[in-house]
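A.B. asks: Quick one: the structure is below, questions incoming.
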Amino acid sequence: MSKNKQDKQNNKKIWLSLIGLVILVVLLVGLTIVMFNNKEDEDEKTLAYTDLIKELSYGNIEKIEMTVGSTTVKVKQKNVEEEKTSIVPNTESFIGLVQDKVAEGNEIELIQKPRSILAQIPSFIFSFLPTIIMLALFIMIFKMQGLGEKGKVYDDTERKTKVKFDDVAGLDEEKEEMVEIVDFLKNPEKFTKMGAKIPKGVLLYGKPGTGKTLIAKAIAGEADVPFISMSGSEFIEMFAGLGASRVRKLFDKARKLAPCIVFIDEIDAIGSRRTSNSGAETENNQTLNQLLVEMDGFSSEETIIVLAATNRPEMLDKALLRPGRFDRQITIPTPDLKGRLEILKIHSKEKKLDDSVNLESIAEDTAGFTGAELANILNEAAIIATKQKHEDIQNDDIEEAVKKVTVGLEKRARVISDKDKRLTAYHEAGHAVVSRYLPTQTNVKEVSIIPRGVAGGYTMYKSDEDKYYVSKTEMQEKLIALLGGRAAEKLVLDDISTGASNDIEVATQIARDMVTKYGMSDTLGPIDFQGKEPYEMQLFGENIGDKIGQEVKTLIDTAYNDAQTLLKQHRDKLDAIAETLLQKEKINEEDFKRFFED
Ligand code: ADP
Ligand code: MG
Ligand code: ZN
């Protein structure tokens, strides 16, 4: 269990026990009240007030016992053994009544008793209950804050991470910059003597799972300094006003432990561009302002280096990037082929791999995967191998794990009607056949109508070799391949289904990016239209939104028509592959190629 998790669980425990305490108090109070009420209810020997008055006027009452502050009175009637209780609406006027009777010559003994301690409890609790609850809440809040602070800092034995650069695969160039940071932390004098200012903040940009946290830990580990971490989303979950105070405490701690690394994960959660003044925003602003104050506050002699991670750099407030704050930025890319192979090697070190395993080919098949996903694949493979009772992890287990991570778990047990099967077969055959005739598209690796995850079937392509650029033709053909499924449904079954929803989503996104991000529209030209404010869009002329929409639609329409044309031309292949799918459920790479050998 990671330290972080433990802290969260400890926090949870404290919360739970405090909530438990409050519930207990409330229950006790409730119980007391019920008990007191019950006592009165139980007592069947009550006398209605009207009867009491009657009895009084008849001169049948010989003794009345009252308690100060209570409307319940005990009365003793003449000729009746037992005392009875009665509720009087107004004690003062009742006493007046009794006094009149006494003055008339009735012999009534009127006793006024002081409040019994026991009887006072309910009203006491009632008057103090709100205060008690408030107090409990305050204690809870302060406890939480205090604990959060203590918990996030690794204690003396654990605060140093054992992660080293060797645990971080790939990222060779990025590592060079990190070595420099380690040097700053280890020998600050070397740099300050030269008059160099030590950087205060380093921002790590990269998709989730690319290893940003791992790198931050490795820097602390290599420099052998404490690692204090906190996540941006934790700040904003806090009660109003606490975000800023947590930042202050975080840095108080860091100053005590310096030289050290402060790691702020998901910094975009607090460091988003300051735009409006709505409630949550203002709260974020206070937190962000406090962070800026702290970063401006410590001198370079203190050697605190703040590392922050985000996957949304465009969201960050520009103030964070000014000199003396996060003036260094490192982009952490998804690993390339070599990086993936290294990551697979690192994470398979402690796993029992069969000789059949070919990590190179797995690395080739996983373009675009992050380090976290690769680690996950190897772990899934180990689980699959265990379930299959294999002696060690085989290549098939890893391939199955890749599919599980990308398309989801195979669901052979799901019952599917023949009609749906036919639809899926033609849909997937549509994708496969269309892409076979598109020069830029990669080869089909597997077509299947066995449901996996939420998909009814899937077509897997050979992974793209790592490329930096994608051409317009390639994107257009990708659109055709994506819409091949829907086109086949329309062509063969003359009806369309919801099965294409994901294809349509992806296709629309690609077409929109082509027009608004990559400037691939002939009529609109190479202009970036993304993330622009309305007034900025105005600069491009009236109805620019309509024009963009029209361009996107044209791209999609053209691709859909092209897909249908291709399928009409190769209807024989489409039918043959769909039929084979219905019989065998799955077609692999070689079998698929065979359909096109004539
Ligand atoms: P991020 O913080 O960018 O979301 P993490 O650092 O939390 O990513 O990475 C999650 C896990 O993925 C790591 O603990 C590690 O097991 C694995 N991982 C990611 N990148 C790498 C890498 N370059 N080398 C080795 N393992 C990696
Ligand atoms: Mg992380
Ligand atoms: Zn599809």
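A.B. asks: If ligands, DNA and RNA are left out, what is the accessible area of M520 with a 1.4 Å probe, given in Å² to the nearest 10?
C.D. replies: Around 40 Å² of this residue is reachable by solvent.
A.B. asks: Working out 0.36 nm times the residue gap between K462 and L491, then minus their Cα-Cα distance, what length gain in nm do you get to one decimal?
C.D. replies: Extra length available between K462 and L491 comes to 7.8 nm.
A.B. asks: Let me ask you something else. What per residue convex hull volume, in Å³, comes out for the range 47-94 when only alpha-carbon positions are used?
C.D. replies: Here the figure is 67 Å³ per residue.
A.B. asks: State the dimensionless ratio Rg/Rh of the range 333-476 (Rg: radius of gyration of Cα atoms; Rh: Kirkwood radius).
C.D. replies: Rounded to two decimals, Rg/Rh equals 1.00.
A.B. asks: Now, a different point. Return the loop-located GluC sites (Glu not before Pro) in the range 427-498 (DSSP other than H, G, I, E, B) with at most 12 other Cβ atoms within 10 Å of their own Cβ; answer none if there are none.
C.D. replies: E465
A.B. asks: Now a separate question. Give me the one-decimal nm value for the distance between modelled label points at A576 and E176, 7 Å along each residue's Cα-to-Cβ direction.
C.D. replies: It works out to 5.3 nm between the two label points.
A.B. asks: Give me the Kirkwood hydrodynamic radius of the range 337-406 in Å, from all C-alpha pairs, to one decimal place?
C.D. replies: Value: 11.6 Å, from the Cα pair sum.
A.B. asks: Let me ask something else about it. Residue by residue through the range 413-425, which ³J(HN,Hα) values in whole Hz follow from phi under the Karplus form 6.51 cos²θ - 1.76 cosθ + 1.60 (θ = phi - 60°), with glycine and proline marked x?
C.D. replies: Those phi angles translate into 6, 5, 8, 10, 6, 4, 5, 5, 4, 4, 4, 4, 4 Hz.
A.B. asks: Next question, about the same structure. Based on the Cβ-Cβ distance from K193 to A372, what FRET efficiency comes out when R0 is 51 Å, to the nearest 0.05?
C.D. replies: 0.80
A.B. asks: Scale the Cα Rg of the chain by the rule-of-thumb value 2.2 N^0.38 Å and send over the ratio, two decimals.
C.D. replies: Ratio of Rg to 2.2 N^0.38 Å for the chain: 1.51.
A.B. asks: Here is a further query. Compute log10 of I(q)/I(0) for the range 294-400 with the Debye formula, placing one identical point scatterer on every Cα and leaving out solvent, at q = 0.21 Å⁻¹, to two decimals.
C.D. replies: Listed by q, the Debye log ratios stand at -1.02.
A.B. asks: Ratio of the range 395-465's C-alpha Rg to 2.2 N^0.38 Å, to two decimals?
C.D. replies: 1.16
A.B. asks: Contact order normalised by length for the chain, with contacts defined as Cα pairs under 8 Å and 6 or more residues apart; what percent is it?
C.D. replies: 10 percent
A.B. asks: If each DSSP helix of 4+ residues adds -39,500 (n - 2.57) and the sum is divided by the residues in the chain, what number results at 222 nm, nearest 500 deg cm²/dmol?
C.D. replies: The helix-only estimate for the chain comes to -18000 deg cm²/dmol at 222 nm.
A.B. asks: When a/c is below 1.5 the answer is rounded, else prolate if a/b is larger than b/c, else oblate, so apply that to the range 161-271 with a ≥ b ≥ c taken from the square roots of the Cα gyration tensor eigenvalues.
C.D. replies: Oblate, because a/c is 1.5 or more while a/b does not exceed b/c.
A.B. asks: For R248 and V68, FRET efficiency with R0 = 51 Å and r from the beta-carbon atoms, rounded to 0.05?
C.D. replies: Result of the calculation: an efficiency of 0.45.
A.B. asks: If the limit is 24 Å between Cα atoms, which of K207/K467; K160/K249; K568/K593; K387/K593; K175/K318; K403/K568 go over it?
C.D. replies: K387/K593; K175/K318; K403/K568
The values are calculated or read from the model by the stated rules, or taken from the named source; none is laboratory data. Note that the structure is a prediction, hence the values are computed from the model and not measured. We place every Cβ from the backbone using ideal geometry, glycine too, and count neighbours over all the protein chains shown. Note: accessible area is taken over every heavy atom of the protein model, side chains too, but ligands, DNA and RNA are not part of it. Shrake-Rupley method; radii C 1.70, N 1.55, O 1.52, S 1.80 Å.
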